[in-house]
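Quick notes on the structure that follows.
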Amino acid sequence: MLSPAGRSGLRAQELAIRLGCEVRETLPKVGWSQPALVGAKEELATQLKSAGGRWNSSDEAILFPTWSTLEEVLEEILENRRI
């Protein structure tokens, strides 16, 4: 299950919006929550998974281990699109 991202996800949300996606946060029954990206299609989804994101079919989202990891990946993708 996913919930809206809290304060930790504000920077990632700003970056994701520029890519046409949304940031959420997992609500696991056990363990820590993880940042999740919803709405990534085709090439973007492939890039995210190549950069360490993990597809979660039950939430239909790409999960990352930390907010900083997600932010770094999104920044890199945006930077490469400017070239």
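Is it the case, given these coordinates, that residue 49 is closer than 20 Å to residue 76 by Cα and open to solvent by 50 Å² or more (accessible area, probe 1.4 Å)?
Taking the combined requirement at face value, the residue satisfies it.
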- request: Scan the range 61-83 residue by residue and report those that are in contact with a helix residue (DSSP H, G or I) (Cβ under 9 Å, 6 or more places away or on another chain) and part of a loop (DSSP other than H, G, I, E, B).
  value: 64
- line: Pairing a residue in the range 40-57 that is in contact (Cβ under 8 Å) with a residue 24 or more places away in the chain and more than 15 Å from residue 69 (Cβ to Cβ) with any residue that is open to solvent by less than 50 Å² (accessible area, probe 1.4 Å) and in a loop (DSSP other than H, G, I, E, B), where Cβ atoms lie under 8 Å and the two sit 6 or more apart in sequence or on different chains, gives 44/19; 44/21
field: Residue selected from the range 27-46 under the condition at pLDDT 95 or above and of a type in the set (Val, Ile, Thr), by the criterion most open to solvent (accessible area, probe 1.4 Å)
entry: 46
message: Suppose we filter the range 52-80 for residues that are open to solvent by 90 Å² or more (accessible area, probe 1.4 Å) and either among the aromatic types (Phe, Trp, Tyr) or touching a Lys or Arg at 6+ places or on another chain (Cβ under 9 Å) (or both); how many remain?
response: 1
query: If you take the residues in the range 3-15 that are closer than 19 Å to residue 72 by Cβ and in contact (Cβ under 8 Å) with a residue 24 or more places away in the chain, which one is surrounded by the most Cβ atoms within 10 Å (Cβ to Cβ)?
result: 12
- prompt: So is residue 18 in contact (Cβ under 8 Å) with a residue 60 or more places away in the chain, loosely packed, with under 13 Cβ neighbours inside 10 Å and basic (Lys, Arg) or not?
  reply: yes
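The values are calculated or read from the model by the stated rules, or taken from the named source; none is laboratory data. Every value quoted in this text rests on a predicted model; they were computed, and no experiment measured them. Note that we place each Cβ from the backbone using ideal geometry, even for glycine, and neighbour counts take in every protein chain shown. These accessible areas exclude ligands, DNA and RNA; they are computed on the full protein's heavy atoms, side chains included. Shrake-Rupley method; radii C 1.70, N 1.55, O 1.52, S 1.80 Å.
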